[in-house]
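A quick write-up on the structure given underneath.
The values are calculated or read from the model by the stated rules, or taken from the named source; none is laboratory data. Please read these numbers as outputs of a predicted model, since none were measured by experiment. Because the Cβ atoms are built from the backbone with ideal geometry, glycine has one as well, and the counts that use them run over all protein chains shown.
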Amino acid sequence: MDAFIAEFVGTSLLITMGSGVVANVVLKGTKGNNSGWIVITTAWALGVFIGVVVAGPHSGAHLNPAVSVGLAIVGFFDWAMVPSYVLAQILGAMFGATISYFIYKDHFDATEDADLKFAPFGTVPAIRNLPSNLFSEIIGTSVLIIVILYSTDPVITDFDGKEVPIGLGALGALPVAFLVWVIGLSLGGTTGYAINPARDFGPRLMHQLLPIKGKGTSDWAYSWVPILGPIIGASMAAGIYLFLGAGGMV
């Protein structure tokens, strides 16, 4: 499987599960309505598990521009490949959010609150304080990236014996799921822990484009926070990793 396709499919699966669980919890009349934060964070974590299982052997399963950037900064990933990975991740996120919307379309139509209609697409802060919100995204992403950097080898090997770019797949899918789960449980209550620019931008764009009845605003004034925060966090984590001697790996 081509790395671009793998990143697209893996990210699509991740967002279908993640957007889907939020829709299940917040939209009117669903079986999971009001089931809470534990359900949301658990499904997001397992969505990462699914995406990594599929994409890992073929692309390294970055599924996140912040991962691609962080790995490129420390020299584990070719900068020339970053744009194609990011494009695949954004397109995959758009597709996954669209699938989730059509699955829950009847419940979107039945829900009157525009904020609840937006929730399956993009993140919003619990308390809108942009400097604080940005800081939350920086720290959450830095935890994600630093653990990845200290848990991976420079390359992984696919089923044909070929080396493929490093990424989340090198960790193994289950540890990655636990990592995302604990970030959500511990640090996600402030902003909804995007920790992934594609995860927020792609679905937010689809919220703007899809003909969702009574959908309200896509809140583009906030959209820079879940893009810039994760990139800063990934860069900071990469800098710490290099400063501490790269774990003896470089």
Inset, instruction - Residues being at negative phi, part of a loop (DSSP other than H, G, I, E, B) and touching a residue at least 40 places away in the same chain (Cβ under 8 Å): count how many of those fall in the range 2-39. - result: 4
Inset, instruction - Within the range 81-89, identify whether any single residue is among the aliphatic types (A, V, I, L, M) and assigned to a loop (DSSP other than H, G, I, E, B), and answer yes or no. - result: no
Inset, instruction - With respect to residue 109, determine if the residue is surrounded by fewer than 22 Cβ atoms within 10 Å (Cβ to Cβ), in contact with a strand residue (DSSP E or B) (Cβ under 8 Å, 6 or more places away or on another chain), more than 21 Å from residue 138 (Cβ to Cβ) and in contact (Cβ under 8 Å) with a residue 24 or more places away in the chain. - result: no
Inset, instruction - Identify, from the list 16, 41, 11, 30, the residue that is farther than 20 Å from residue 205 by Cβ, at pLDDT 95 or above, of a type in the set (Ser, Thr, Tyr) and under 13 Å from the mean Cα position of the chain (by Cα). - result: 41
Legend entry - Among the candidates 66, 88, 72, 61, residue that is touching a residue at least 60 places away in the same chain (Cβ under 8 Å), in contact with a Phe, Trp or Tyr (Cβ under 9 Å, 6 or more places away or on another chain) and either surrounded by fewer than 24 Cβ atoms within 10 Å (Cβ to Cβ) or small (Gly, Ala, Ser) (or both): 88
Legend entry - Counted residues, the range 90-119 - those being under 15 Å from residue 200 (Cα atoms) and not in a helix (DSSP H, G or I): 1
Legend entry - Residues (crowded, with 24+ Cβ neighbours inside 10 Å and either of a type in the set (A, V, I, L, M) or in a helix (DSSP H, G or I) (or both)) located in the range 185-205: 194, 195, 197, 198, 199, 200, 202, 203, 204
Inset, instruction - Answer with yes or no whether residue 130 is over 17 Å from residue 199 (Cα atoms), at pLDDT below 95 and among the hydrophobic types (A, V, I, L, M, F, W, C). - result: no
Legend entry - Selection count where residues are touching a Leu at 6+ places or on another chain (Cβ under 7 Å) and more than 16 Å from residue 177 (Cβ to Cβ), scope the range 34-59: 0
